[in-house]
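Bear in mind these aren't lab numbers, they're just calculated from the coordinates by the rules spelled out. These figures come from a predicted structure and were not determined experimentally. Cβ sites come from the backbone with ideal geometry, for glycine too, and all protein chains shown count toward neighbours.
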Ligand SMILES: [Zn+2]
């Protein structure tokens, strides 16, 4: 007994000694590293933000918890699959069957969700409702419905009429889409897509799509699987958007007009005009219902009547405020840039967790509204026939004292963290043939510098994707 005790004591002291020596060597090592750091200042051209994580990046990383895969039970009739794909799919259990709302993007992901839903209820699928035509909500339908013709597939009149496959500039839209979503980025660069996980399933994307067999214009009151549904046309992210209200379950499905982020009033991948005023009014209309559970097209559901109401209210106020401020600035004769510079969200809105610019951006929304109403001419006659890009660049470079001076300023901008200014200077130099390769190398660093402090996932993904493209072509 005693012997064992002694052995135990000995082992204990041995361990303490070991930890002490580890501690000593760690402190020693840290001091050395610190001394080295003092002697060797960070290498020039290293974006400062890469050394320490910017608070915006920490926030954006935090948003990823919205996409943890889970089947969320809202009440005994409503289940929401979050994080299985880029968007949400829901199941409403009725008396004699179930109704599915939205169908994900990849058939493979939809099959997994359908399997989970069947474990909860093996009643037959009676109907499937598309909140809008985007592929991330329509690609996996057959996983839920099979090929049965008895399933009602419901959408708005004009469903999918505005999609990029119908565009004459489809090829460039595809490239911009890949950049916005960071589709070709190495996984270590990917945080998320703002309202979706950074990487989404690719197993048979879109292969389960089935066209609607029932459409409606403004509203539809319909009993499905023994439950009363109210469907309302609600222009916003798309012109085929609708929302679903189930009075008996006090549950509202918003489609992509609502999610936990400032709304993407304009998609930088390139899209048709998203009717900002109607979008705000659609949310306003949602806020008139006594909603206990709010199910967004992306990000986790929101519950609690007053909390939901508050969320919808601040969302519609934010959208309509951006809209109205833009209109007011335009009516004062402001140019596009002056309008962008003048529109701000009030602090009471910009600090709300559901209005962070993870996906949409206030400035992009302003630009979109401005261009929608007056087109490309911003009202300043200087811009009727501006100099060619090359001529402007030559003049500015000459004014600055020559290319070398501009290049020096470019390095200063990079080293001081003025990345946007640096990009603008780099673009002047890139119009000329001056040290093209070297300037591109700096531009890549500037793009990465911006990405390292950007809260908006599409912007971050775009900066990084573009940087890799430049790198490949040097
Ligand atoms: Zn979506």
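Observations, loosely collected:
- Cα gyration tensor shape for region 65-150, rounded if a/c is under 1.5, else prolate or oblate: oblate
- Neighbour counts of C-beta atoms inside 10 Å place 289, 67, 253 in the sequence 289, 67, 253, starting with the fewest.
- Global geometry of region 311-455, whether rounded, prolate or oblate, following the gyration tensor of its Cα atoms and the 1.5 cut on a/c: oblate
- Order of 129, 199, 71, 442 - criterion: other Cβ atoms within 10 Å of each residue's Cβ, fewest first: 199, 71, 442, 129
- The modelled label-to-label distance for the pair residue 170/residue 187, using points 7 Å beyond Cα in the direction of Cβ, is 3.2 nm.
- Highest-first packing order for the peptide set 315-321, 266-272, 295-301 is 295-301, 315-321, 266-272, based on the mean count of other beta carbon atoms within 10 Å.
- Kirkwood-Stokes translational diffusion coefficient of region 175-326, alpha-carbon pairs, 37 °C, 0.692 mPa s, µm²/s: 192
- Span from the region 282-344 Cα centroid across to the region 245-269 one, whole angstrom: 11
- Of all DSSP bridge pairs formed entirely within the chain, close to 70 percent run antiparallel.
- Computed on the Cα atoms alone, the convex hull of region 387-473 gives a volume of 94 cubic angstrom per residue.
- As a proxy for reagent exposure, 423, 231 were ordered by neighbouring Cβ count within 10 angstrom, fewest first; the result is 423, 231.
- The listed peptides 201-208, 218-225, 356-363, ordered by packing as a protection proxy, come out as 356-363, 201-208, 218-225 (highest mean of other Cβ atoms within 10 Å first).
- Between region 155-197 and region 80-98, the alpha-carbon center distance in angstrom: 23
- For a modelled paramagnetic label at residue 441, 7 Å from Cα along Cα-to-Cβ, the residues of region 452-474 in reach, with backbone nitrogen under 15 Å, are 471-474.
- Using distinct alpha-carbon pairs, which all enter the 1/r mean, Kirkwood radius of the chain in Å: 25.3
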